[in-house]
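Please treat every number below as a calculation from the coordinates, not as lab data. Quick caveat: nothing in here was measured; it's all calculated off a predicted structure. Neighbour counts run over all protein chains shown; Cβ positions are idealised from the backbone, glycine included.
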Amino acid sequence: MKSWVNPYARMISRYIASKFRVWKPLAVFYNITLRCNLRCSFCNLWRRSEYREVDHENAVKIIRRICEAGIPGLGFSGGEPLLRADLVELAFEAKDYGVITSVNTNGTLITEGNAERLSKAFDYIILSLD
């Protein structure tokens, strides 16, 4: 069931409830891929290339389950999430449920051509400055 409650109000309400020992998650971070276009010395996720990504249909199911659980925030991470061709579509799936979306990226794949679309799909774009 899609929620039309303001996601920021839902997040604040969960935070306040957590102060009264009624713990519920404020956000989930979904490692949408382990692939990465960089080889940073401090990270070994890209070495795990033997792991297969979930296909689009199953990724949508995962996102719907997260959203239907009432979690107000969903962050896409990885690896480098922008390597996933359906990332924006998956983010819009979450936004359809009124969820706050974010993406953690190294930023190397953001171009003038995709920047506007990314800014519409994500409430927050978190850039790594390593």
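Data table
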quantity: 0 to 90° range, to nearest 10: angle between helix 56-68 axis and the chain longest Cα axis; calculated: 30
quantity: Degrees between helix 112-121 axis and first principal axis of the chain (Cα, 0 to 90, nearest 10); calculated: 20
quantity: Coil-residue chymotrypsin sites (Phe, Trp or Tyr not before Pro) of segment 6-45, DSSP, other Cβ within 10 Å capped at 10; calculated: PHE20, TRP23, PHE42
quantity: Cut-off 14 Å between beta-carbons: net charge of the residues surrounding ASP130, Lys and Arg +1, Asp and Glu -1; calculated: 0
quantity: For PHE76, distant residues with modelled amide H under 5 Å away; calculated: TYR30, SER102, VAL103, ASN104
quantity: Calculated FRET value between ILE12 and GLU50, using beta carbons and R₀ = 41 Å, to 0.05; calculated: 0.50
quantity: Between 0 and 90°, nearest 10: helix 7-19 axis offset from the chain longest Cα axis; calculated: 70
quantity: Lysine pair count for the chain [Cα-Cα under 24 Å; pairs on different chains or 8 or more apart]; calculated: 9
quantity: Per-pair calculated FRET efficiency, R0 = 35 Å: ARG65 and ASP130 via Cβ, rounded to 0.05; calculated: 0.65
quantity: Dipole moment magnitude, nearest 20 debye, the chain about Cα centre, only Lys, Arg, Asp, Glu C-beta charged; calculated: 640
quantity: Sites excluded, trypsin sites (Lys or Arg not before Pro) in DSSP loops with at most 10 other C-beta within 10 Å, longest stretch of the chain; calculated: 53-130
quantity: Taking only Cα atoms of segment 15-98, radius of gyration then Dmax in Å; calculated: 14.9, 43
